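Here, each number is a calculation from the coordinates, and none is a lab measurement. Because the structure is predicted, anything quoted here is derived from the model rather than measured. Cβ sites come from the backbone with ideal geometry, for glycine too, and all protein chains shown count toward neighbours.
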Amino acid sequence: MLAVHWTPVNNTKHILKNGITRSQKGLFCFPLTGHKSLDRWWVYFFNQCGVSHRKQYNGIVFRLQEDDMPAYFGHWVNASSRSDLKNEITNLKSLSTGFRESILWRMGEFLVHQRNPDMSLADWDRARDTYISVAEAEIEKNPKTFIDSMNDLDFMRYTFEDYQIVLSNSIPANRILKILPQGNEFGRVLRQKKLAAPTRYRSQDEQ
């Protein structure tokens, strides 16, 4: 599983050289989903919380390993109580399971309320188990349903937009795979370079 850690642009050079250092509360990141706006949700959140101190951010992408465990995976509100983290995930398999079950939970929730709009399950744990069972039954009938849900931006945003992973350890620089810009800054720079390039490097369509 790939993850992204968002940091102010000014920190990028230091991180590329020294890695991502965990804070006292842990190293905060987000599972990379492939949905641009969802993967950048935390950037929007940071800037909404501090409107007078808005910053540009870069996303540091790396692959999660067993050494990063234990970790917390879930809603950001429940991640910590000032200084104490809940290390609920002990290995990568459990993290992948938690990610998948979160999708199944929301799939089942949608299906149950679609079929029985007046149904109400007061007990959250019982509701979650019921929703997962309903989703698994649906996937058994139509395996494509799970992939369709992962490709649905609205569904994935509803499921994960306020989630996070909190790791126990720092990430060394040699584990960094790529940098994601906050917006399209890199794209503008590339286009400018392309326009300024010698004619022989451009395709016939561009000339």
Virtual paramagnetic centre 7 Å along Cα→Cβ of Thr97, amide N under 12 Å, in region 56-74: none
Taking the Cα centre of region 2-186 as origin, sum charge times position over the Cβ atoms of Lys and Arg (+1) and Asp and Glu (-1), and report the length of that vector in debye to the nearest 20. 940 debye
Footprinting proxy, Thr12, Thr159: sorted fewest to most Cβ within 10 Å, the residues are Thr12, Thr159
Name the residues whose placed amide hydrogens come within less than 5 Å of the amide hydrogen of Ile165, ignoring near sequence neighbours (fewer than 5 apart) on the same chain. Cys29, Phe30
Among Phe30, Phe110, which comes first, then next, by fewest other beta-carbon atoms within 10 Å? Phe110, Phe30
Given H placed on each backbone N at 1.01 Å, which residues far from Ile60 in sequence or on other chains put an amide H within less than 5 Å of it? His5, Trp6, Thr7, Leu180
Return the distance in nm (one decimal) between the two label points of a simple spin-label model at Phe45 and Thr90, each offset 7 Å from Cα along Cα→Cβ. 2.7 nm
Where labels lie 7 Å past Cα in the beta-carbon direction, separation of Leu16 and Glu66 in nm: 3.2 nm
Cβ-based exposure ranking for Tyr158, Tyr57, in which fewest neighbours within 10 Å come first: Tyr158, Tyr57
Once label points are set 7 Å from the Cα along Cα→Cβ at both Ala173 and Arg126, what is their separation, rounded to one decimal in nm? 5.6 nm
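When each pair of different Cα atoms in region 2-186 is counted once in the 1/r mean, what is the Kirkwood radius in angstroms, to one decimal?
Values: mean 1/r = 0.0561 Å⁻¹.
Over region 2-186, the inverse of the mean reciprocal pair distance is 17.8 Å.
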Full extension from Lys55 to Val77: what is 0.36 nm times the residue separation minus their Cα-Cα distance, to one decimal in nm? 5.6 nm
